[in-house]
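So the structure is just underneath, and the comments pick up after that.
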Protein chains: 2
Amino acid sequence: MTHELAISFLMQQAVENPGVISLAAGLVAPETLPVEEVRAAVDAITSSATRGRGALQYGTTPGYYKLRELILNHFCSLEGITREQAGIDIDNLMLTTGSQQLLSLVCEVLFDPGDICLISGPTYFVFAGNLDGVGARTVTIPVDDGGMRIDALEQALELLDQQGELSRVKLIYNVSYYDNPAGTCLATDRRRQLVELAQRYSRDHRILILEDAAYRELRYDGEAFPSIWSFDESRGWVIYTQTFSKTFSPGVRVGFGVVPRDLLAPLSERKGNEDFGSSNFAQHLVAEVLSSGAYESHLQKVRENYRAKRDAMVEAAHAHFADIDGVTWREPHGGLYVWMTLPANIPTGFSSPMFRTAVEKGVMYVPGEICYPTGMTNRPRTEMRLSYGVQSPEGIEKGMQILAEAVKARASDQE
Amino acid sequence: MTHELAISFLMQQAVENPGVISLAAGLVAPETLPVEEVRAAVDAITSSATRGRGALQYGTTPGYYKLRELILNHFCSLEGITREQAGIDIDNLMLTTGSQQLLSLVCEVLFDPGDICLISGPTYFVFAGNLDGVGARTVTIPVDDGGMRIDALEQALELLDQQGELSRVKLIYNVSYYDNPAGTCLATDRRRQLVELAQRYSRDHRILILEDAAYRELRYDGEAFPSIWSFDESRGWVIYTQTFSKTFSPGVRVGFGVVPRDLLAPLSERKGNEDFGSSNFAQHLVAEVLSSGAYESHLQKVRENYRAKRDAMVEAAHAHFADIDGVTWREPHGGLYVWMTLPANIPTGFSSPMFRTAVEKGVMYVPGEICYPTGMTNRPRTEMRLSYGVQSPEGIEKGMQILAEAVKARASDQE
């Protein structure tokens with residue numbers, strides 16, 4: 001089953017079973033969506049004819065200059081550095097239709113069929129679809145609580161070198177904050193090692209790192225990790241991407257990339273062919289909320305909302321799953337996902353008794369197996385991605401209770 | 001020079017020569033941009049939390065259902081038919097980031113390297129870039145005042161058949177209303193013949209027609225042509241695309257396609273990989289202006305604005321070019337462009353004395369040669385695309401006067 005089909009299947013299940021509590025949907029909590037903030041921003045933009053017209057005219061392919069500048073400042077503030085220390089300027093920034101478009105553009109520009117991308121297993125399954133789309137091969141690196149295992153990454157690179165395949169390795173992809181789906185952050189020392197490895201194995205060509213920081217600003221507690229990007233002092237090895245979809249509004253659809261200077265032209269040329277540039281109006285809107293301070297104050301509310309939901313899911317896991325043998329889960333410090341593993345005899349896939357039982361009882365999840373490349377042998381079959389973004393804390397508690405009942409029913413059937 | 005580079009060159013010339021009157025820019029007239037209409041639409045959308053949140057949440061890849069329905073009705077009204085007569089439904093509609101993204105998606109989905117697209121010469125040069133991007137070969141069909149010459153198209157298809165290349169022909173591309181750059185509309189009988197030819201030569205596979213109707217609603221006078229699509233009673237041969245960029249706002253960036261039913265899934269899957277769907281917020285905005293009637297009343301104002309500018313350019317052509325031997329031009333009934341041909345000894349390309357003279361004297365145009373495929377032998381070298389969209393009527397008169405002086409200066413140098 002392709003990843004696109006998997007999403008369609010989940011959406012169809014949701015439509016056909018309207019009473020089901022979805023712990024599958026990766027949507028943003030509707031009650032957090034910034035309706036008043038958007039109205040105020042558009043009022044400001046349209047308060048002068050000149051400014052309004054600027055937002056409604058064609059933009060440029062890399063995106064609205066002022067927003068790129070605001071984002072560069074915002075990025076420096078996340079990094080805790082000055083513009084000077086950053087060693088980059090506005091021509092390292094490009095704006096896209098969500099960060100998804102940047103992921104897609106990177107694949108289109110970097111990969112020839114048969115080229116290799118190193119990814120985590122599990123990983124963000126839509127990106128695996130992008131890799132499939134350009135005919136890339138994937139090598140899957142296992143993860144633990146500290147994210148991608150760098151010892152395994154090094155072994156994989158060494159093996160590829162021995163096999164004469166190093167020249168085909170173009171990219172290492174990592175969701176570095178509150179990973180979708182695993183919920184992990186890459187440990188700080190691994191961030192440094194990742195950059196060192198990419199540079200060390202870049203012999204006849206550059207092996208780039210694509211750092212997907214989509215969830216970076218959704219931190220509820222725990223360590224504030226430096227980016228992988230921060231360890232690349234050359235500013236030439238890491239493509240960093242982030243989005244306003246999770247922290248502000250996915251309907252506005254503005255994402256960005258901080259890219260090595262020499263990659264702006266090819267990425268921009270590709271984007272120019274695809275769409276001439278994303279919505280200029282949406283970019284002016286995000287510029288207004290960033291400069292007015294509305295973004296920061298909204299983000300505080302978003303974090304509080306999700307923190308309460310994260311707490312509800314973790315508490316419900318303890319309450320309902322602690323007594324089921326062989327069930328483990330990871331408790332995230334941010335993001336939107338809890339990653340849960342069931343006993344070895346309870347597979348969780350779409351065609352499994354577990355998935356059917358869960359839907360019948362009234363809850364839905366994302367089977368973990370779709371978060372591994374489709375061609376991977378021995379992919380784990382008993383994991384689940386549980387999202388706490390959309391449901392209320394009460395819905396989460398109820399959904400987790402039902403899910404535990406479904407697991408217990410399957411476990412007793414197996415005995 | 002690639003088409004992307006050509007645009008960059010023009011933009012750079014504009015920046016370096018700020019006093020120059022640009023008859024090159026394809027931008028929309030800034031004074032027509034709908035600042036008040038957009039403010040009112042966003043007020044309406046954000047007047048209820050539920051509705052506002054609907055616009056700010058993720059949308060679907062093919063686009064906002066209600067907007068697709070409104071566009072289907074709008075399209076039927078342009079066609080002068082009922083929904084029942086149309087024989088299509090909402091699943092034939094897809095929304096894109098401008099119509100440019102639909103052009104790009106069609107190329108990505110239809111073409112393997114070496115496949116063939118039949119295009120007009122001259123044609124919309126950005127689309128030629130999309131064809132290059134997917135490794136398509138182009139066969140250029142000459143045009144006259146009635147648009148693409150169908151006798152020449154038939155000859156080309158016949159020749160391709162004799163050469164055993166018919167199986168590689170995937171698409172015929174036509175800008176059917178007020179062509180960019182030639183200003184022509186495809187004659188009605190040719191529309192019927194075009195569909196018949198595509199169907200007749202579709203032997204082992206379908207040769208599709210891509211009808212680019214970007215300028216359809218910018219009609220100032222003259223005949224209201226039926227679409228090419230209307231002659232395809234099977235509803236299976238024509239991909240029709242249009243945009244709200246020219247008639248409403250390019251910054252909002254909403255275009256659409258009316259596509260054969262079996263193409264929605266592959267186009268949508270491709271778009272899902274690229275960006276998950278365009279800005280849902282922008283789609284809600286366009287839905288509001290379509291359903292409130294603001295779009296139609298705004299469009300009247302836009303047409304009046306451009307009609308006056310078209311008149312100004314045509315009058316200026318008569319006033320300043322009528323006495324220059326060998327200069328001809330086409331007077332369009334809509335759209336944004338006048339296509340002018342200079343005497344055979346005055347080439348107009350970027351590196352020509354004519355282009356340099358024009359910029360020195362204070363006016364800029366798009367050299368006609370970039371509107372032909374870069375690899376085409378014997379492409380005409382003495383044409384110019386003159387846009388009347390951005391300048392005021394006075395600016396157009398002044399620009400045309402300067403341009404005529406530049407032509408006269410070059411003509412006397414040649415004597």
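The values are calculated or read from the model by the stated rules, or taken from the named source; none is laboratory data. All values derive from a computational prediction rather than experimental measurement. Quick reminder, even Gly has a Cβ in these numbers, built from the backbone with ideal geometry, and neighbours come from all protein chains shown.
Within the stretch A:258-285, residues that are on the phi > 0 side of the Ramachandran plot reach partners that are of a type in the set (D, E, K, R) and assigned to a helix (DSSP H, G or I) with beta carbons closer than 8 Å, at six or more positions or on different chains, in the pairs A:Gly277/A:Lys271.
Among the conditions (1) more than 14 Å from chain A (Cβ to nearest Cβ); (2) within 26 Å of B:Pro62 (Cβ to Cβ), the only one that B:Pro266 does not satisfy is (1).
When B:Gly349 is tested against (1) part of a loop (DSSP other than H, G, I, E, B); (2) in contact (Cβ under 8 Å) with a residue 40 or more places away in the chain; (3) under 30 Å from B:Cys107 (Cβ atoms), only condition (2) is not met.
If you go through the stretch A:286-303 and keep only what is more than 21 Å from A:Thr96 (Cα to Cα) and over 24 Å from the mean Cα position of the chain (by Cα), you end up with A:Ser292, A:Gly293. May I ask you to say which residue of A:Asp275, A:Asp232 is at pLDDT below 95 and touching a strand residue (DSSP E or B) at 6+ places or on another chain (Cβ under 8 Å)? Residue meeting the stated conditions: A:Asp275. All of A:Ala358, A:Ala411 fail the test of being at pLDDT below 95 and assigned to a helix (DSSP H, G or I), apart from A:Ala411. Scanning the stretch A:231-252 for residues that are in a strand (DSSP E or B) and within 14 Å of chain B (Cβ to nearest Cβ) turns up A:Thr241, A:Thr243.
If only residues of the stretch B:124-156 that are among the aromatic types (Phe, Trp, Tyr) and part of a helix (DSSP H, G or I) are counted, the one that is nearest to the other protein chains (Cβ to nearest Cβ) is B:Phe127. The C-beta contact set for the stretch A:361-381 (first residue under 16 Å from A:Ile141 (Cα atoms), second residue of a type in the set (Phe, Trp, Tyr) and not in a loop (DSSP other than H, G, I, E, B), distance under 7 angstrom, 6+ apart or interchain) comprises A:Ile370/A:Phe125; A:Cys371/A:Phe125. Can you say whether B:Ala49 is over 30 Å from B:Phe127 (Cα atoms), at the interface with chain A (Cβ under 7 Å from one of its Cβ atoms), exposed (fewer than 15 other Cβ atoms within 10 Å of the Cβ) and of a type in the set (A, V, I, L, M), as far as the supplied structure shows? Here the answer is yes, as B:Ala49 does meet what is asked.
Taking into account only those residues within the stretch A:157-197 that are part of a loop (DSSP other than H, G, I, E, B) and aliphatic (A, V, I, L, M), which is farthest from the chain's Cα centre (by Cα)? Ranking the candidates gives A:Ala187 first. Starting from residues that are more than 7 Å from chain B (Cβ to nearest Cβ) and closer than 19 Å to B:Arg51 by Cβ, keep the ones in the stretch A:1-35 and report whichever is nearest to the chain's Cα centre (by Cα). For the stretch A:1-35, the residue satisfying everything is A:Ala29. Filtered by the rule that a residue be under 25 Å from the mean Cα position of the chain (by Cα) and within 14 Å of A:Glu405 (Cα to Cα), the stretch A:328-347 gives a lone residue, A:Leu342. Among the residues of the stretch A:102-123, the ones that are over 28 Å from A:Tyr337 (Cα atoms) and within 12 Å of chain B (Cβ to nearest Cβ) come to 3 in all.
In the stretch A:253-263, the residue that is nearest to the other protein chains (Cβ to nearest Cβ) out of those that are of a type outside the set (Gly, Ala, Ser) and closer than 29 Å to B:Phe127 by Cβ is A:Arg253. The residue of the stretch B:277-293 that is nearest to the other protein chains (Cβ to nearest Cβ), among those that are buried (at least 23 other Cβ atoms within 10 Å of the Cβ) and of a type in the set (Ser, Thr, Tyr), is B:Ser279. For the condition in a loop (DSSP other than H, G, I, E, B), closer than 24 Å to A:Glu108 by Cβ and not aliphatic (A, V, I, L, M), A:Ser202 qualifies. A:Ala187 meets all of the listed conditions (1) closer than 18 Å to A:Arg216 by Cα; (2) crowded, with 24+ Cβ neighbours inside 10 Å but one, namely (2). Only helices (runs of 4 or more DSSP H) whose full extent lies in the stretch A:34-113 are considered here, and the ones with at least 1 residues that are within 20 Å of A:Gly251 (Cα to Cα) are A:35-45, A:49-56, A:65-79, A:98-110.
Within the stretch A:285-300, the set of residues being among the charged types (D, E, K, R) and farther than 14 Å from A:Val38 by Cβ comprises A:Glu296 only.
Can you spot a residue in the stretch B:211-224 that is within 13 Å of chain A (Cβ to nearest Cβ) and touching a residue at least 60 places away in the same chain (Cβ under 8 Å)? Yes, the stretch B:211-224 has at least one match.
Before we move on, is B:Phe256 more than 23 Å from B:Ile88 (Cα to Cα) and assigned by TED's automatic domain parsing to the domain that holds B:Leu78?
Spelling it out, it is not the case that B:Phe256 is more than 23 Å from B:Ile88 (Cα to Cα) and assigned by TED's automatic domain parsing to the domain that holds B:Leu78.
Does the stretch B:375-415 hold any residues that are under 19 Å from the mean Cα position of the chain (by Cα) and more than 26 Å from B:Glu304 (Cα to Cα), and which are they?
Across the stretch B:375-415, the qualifying residue is only B:Glu383.
Per this entry, B:Asp43 is not counted among residues that are more than 8 Å from every other protein chain (Cβ to nearest Cβ) and surrounded by fewer than 17 Cβ atoms within 10 Å (Cβ to Cβ).
Being under 16 Å from the mean Cα position of the chain (by Cα) and assigned to a loop (DSSP other than H, G, I, E, B) is the filter here; which residues of the stretch B:205-224 pass it?
We begin by selecting, within the stretch B:205-224, every residue under 16 Å from the mean Cα position of the chain (by Cα); these are B:209-219.
B:Ala213, B:Ala214, B:Tyr215, B:Arg216, B:Glu217, B:Leu218 - these are the residues of the stretch B:205-224 that are under 16 Å from the mean Cα position of the chain (by Cα) and assigned to a loop (DSSP other than H, G, I, E, B).
Taking every residue in the stretch B:91-108 that is assigned by TED's automatic domain parsing to the domain that holds B:Asn180 and at negative phi and pairing it with any residue that is among the basic types (Lys, Arg) and surrounded by 24 or more Cβ atoms within 10 Å (Cβ to Cβ), at least 6 positions away or on another chain, the pairs with Cβ-Cβ distances below 6 Å are B:Thr97/B:Arg253; B:Leu105/B:Lys271.
Condition check ((1) crowded, with 23+ Cβ neighbours inside 10 Å; (2) over 30 Å from B:Val289 (Cβ atoms)) across all residues:
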residue	(1), (2)
B:Glu196	no, yes
B:Arg200	no, yes
B:Asp212	yes, no
B:Glu217	no, no
B:Tyr220	no, no
B:Phe225	no, no
B:Ile228	yes, no
B:Glu233	no, yes
B:Tyr240	yes, no
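The set of residues in the stretch B:161-177 being more than 20 Å from B:Ser120 (Cβ to Cβ) and either of a type in the set (Asp, Glu) or not assigned by TED's automatic domain parsing to the domain that holds B:Phe111 (or both) consists of B:Asp161 alone.
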